[in-house]
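Undergrad: So that we are looking at the same thing, I have put the structure below in C-alpha cells.
Where a number appears in this text, it was derived from the coordinates with a stated rule and is not lab data. All figures in this text were calculated on a predicted structure; none of them were measured in a lab. Positions of Cβ are backbone-derived with ideal geometry, glycine not excepted, and every protein chain shown enters the neighbour counts.
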C-alpha cells in the first residue's frame, strides 16, 4: 500500500487507496477513490504499468478531482 488517506472531492468526503503490485511480468500501479453519498458507494479507479504511471498520473488525478456522484 502506497496511499491510504482521506480526500475531499467536490465538497464530499472520500478516501484514496493506492498501491503497486506485480501481475506476471508486469509491475502495476493503481489508485482508487472511494466516496459515499446518500448511502451509495462510488469507486473511481485507475491502473497502469508502473513505468507509464508518471505519464498517466495527472490524467487520473484530474478525473478523481472532478468526479461528481449523482
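Undergrad: Calculated from DSSP H runs of 4 or more alone, at -39500 (n - 2.57) each and per residue, what is the 222 nm mean residue ellipticity of the chain, nearest 500?
TA: Using -39500 (n - 2.57) per qualifying helix, the result is -6500 deg cm²/dmol.
Undergrad: Follow-up question, since we're still on this one. Quick one, can you get me the convex hull of the C-alpha atoms of the chain expressed as volume per residue in Å³?
TA: Each residue corresponds to 85 Å³ of Cα convex hull volume.
Undergrad: Which whole-number percent gives the relative contact order of the chain, counting Cα pairs below 8 Å spaced six or more residues apart?
TA: This gives 26 percent for the chain.
Undergrad: Further, regarding this structure: Rounded to whole Å, give me the distance from the Cα center of the stretch 1-25 to that of the stretch 30-70.
TA: If we compute the Cα centre of each part, the gap is 8 Å.
Undergrad: Could I ask something else about it? Between helix 53-66 and the chain, what is the angle of the helix's C-alpha long axis to the longest principal axis, kept within 0 to 90° and rounded to the nearest 10?
TA: 10 degrees
Undergrad: Per 0.36 nm of contour for each residue apart, how much would the distance between residue 50 and residue 62 grow if the chain were fully extended, relative to their Cα-Cα spacing?
TA: 2.5 nm
Undergrad: Under a crude label model (7 Å from the Cα following the beta-carbon direction), how far is residue 40 from residue 12 in nanometres?
TA: Here the modelled spin labels are 0.8 nm apart.
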